[in-house]
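Structure, as structure tokens:
What follows draws every value from the coordinates through simple rules; no lab data is involved. What you see is a predicted model; the values in this text were computed from it and never measured. Quick reminder, even Gly has a Cβ in these numbers, built from the backbone with ideal geometry, and neighbours come from all protein chains shown.
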Amino acid sequence: MKQSNQILKAKEVLPMSKETKERLAEVAKKIEGKDLFQDKIERAKKSLRNIKTLPI
Amino acid sequence: MNNIPAYNTEKLEKEADRIRYIFESVGEKSITKVIEYSYLTIISDRKVYNLGFGDYNAKVDDFIDDVNSNNGDMRKVFSTVLDSVPKFFKENSEAAILVEGSDSVVDFMSKCEKTCSKRCDKICKNFNRRIKTYRYYVDRNFVELSKEYLFFGIINDDIVQYVPNSEYSGILVFKKK
């Protein structure tokens with residue numbers, strides 16, 4: 001169980017500079033409360049609209 | 001363990017129906033990217049979230065999720081998205097994730113044609129590219145991943161047991177209890 005979790009988890013995470021953190025914080029403020037992927041979400045809802053239970 | 005280096009992500013403040021991670025892709029240029037898990041519906045008493053992913057375009061102050069950035073770091077970006085999955089499940093162990101490609105929609109090919117440098121003949125090489133990338137990863141690591149996760153395939157708006165090396169338009173991932 002532990003091993004499979006490690007498959008998705010990256011062995012090496014690249015460090016983030018202070019400047020990058022600041023740039024990202026600015027973008028984060030701009031997108032707060034905004035719907036970024038509205039079309040995609042609607043399509044996803046459509047894909048699942050008939051599925052209520054799992055086939056198991 | 002995923003041997004491809006991943007970018008460090010910042011988790012944004014949780015909003016009611018979504019969880020976001022933000023990071024910067026550093027290749028030919030620097031691009032801000034967002035990974036978003038958005039609540040969709042409930043299946044078998046589990047909340048299902050859509051995995052969304054896109055580039056922030058500072059010029060128009062908006063996000064784009066259906067273009068290829070061609071920033072030369074596709075593997076790192078993919079690894080970063082994969083790396084967010086255990087983080088998501090750590091805080092939402094009862095939830096499920098739906099993965100679909102934004103390049104799998106009907107009008108993608110006509111949109112792609114306008115800007116693509118590939119000289120595809122009749123079949124657009126970028127069509128379904130994203131879901132194929134996810135499927136390829138799941139197929140290659142299916143045995144190990146199945147120890148902790150349950151996979152289902154979406155096909156023609158129906159859900160089926162995930163069988164490696166099969167065609168699906170989407171993948172639904174549950175964490176085993």
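Distance between the 7 Å Cα→Cβ label points at B:Arg119 and B:Lys11: 5.0 nm. Sequentially through the stretch B:35-41, phi angles give Karplus couplings (6.51, -1.76, 1.60; θ = phi - 60°) of 9, 10, 9, 10, 5, 10, 6 Hz, Gly and Pro residues having no value and appearing as x. The reciprocal of the average 1/r between distinct C-alpha atoms defines the Kirkwood hydrodynamic radius, which for the protein assembly as shown equals 18.3 Å.
Karplus-derived 3J(HN,Hα) values for the stretch A:12-19, using 6.51 cos²θ - 1.76 cosθ + 1.60 with θ = phi - 60°, are 10, 10, 6, x, 10, 6, 4, 5 Hz; glycine and proline are entered as x. Residue exposure proxy: B:Glu100, B:Glu148, ordered by other Cβ atoms within 10 angstrom of their Cβ from fewest to most, comes out as B:Glu148, B:Glu100. Take the Cα of B:Lys176, step 7 Å toward its Cβ, do the same at A:Lys29, and the gap between the two points is 4.6 nm. Ordering B:Asp61, B:Asp139, B:Asp121, B:Asp83 by the number of other Cβ atoms within 10 Å of each residue's own Cβ, fewest first, gives B:Asp121, B:Asp61, B:Asp139, B:Asp83.
Taking label positions 7 Å along the Cα-Cβ direction at both A:Ser17 and A:Lys45, the computed distance is 4.2 nm, reported to one decimal. Distance from the C-alpha centroid of the stretch B:54-97 to that of the stretch A:6-56: 6 Å, rounded to the whole angstrom. Take each peptide in A:18-24, B:84-90, B:32-38, count the other Cβ atoms within 10 Å of every residue, and average; sorted highest first, the result is B:32-38, B:84-90, A:18-24.
Subtract the Cα-Cα distance of B:Thr133 and B:Met1 from 0.36 nm times their separation in residues, and report this length gain in nm to one decimal. Working shown, then result.
Working: separation 132, 0.36 × 132 = 47.52 nm, distance 1.78 nm.
Additional length available on full extension: 45.7 nm.
Helical content of the protein assembly as shown, expressed as a calculated mean residue ellipticity at 222 nm, amounts to -9500 deg cm²/dmol (DSSP H runs of 4 or more residues, -39,500 (n - 2.57) each, divided by residue number, nearest 500).
Report the FRET efficiency, 1/(1 + (r/R0)^6), for B:Ser93 and B:Ile64, where r is their Cβ-Cβ distance and R0 is 45 Å, rounded to 0.05.
Values: r = 32 Å, r/R0 = 0.70.
Calculated value: 0.90.
Across the cross-link table entries A:Lys46/B:Lys177; B:Lys87/B:Lys176; A:Lys40/B:Lys147; A:Lys34/B:Lys177; A:Lys45/B:Lys14; A:Lys11/B:Lys90, which are compared at the Cα atoms, the separations over 25 Å belong to A:Lys46/B:Lys177; A:Lys40/B:Lys147; A:Lys34/B:Lys177.
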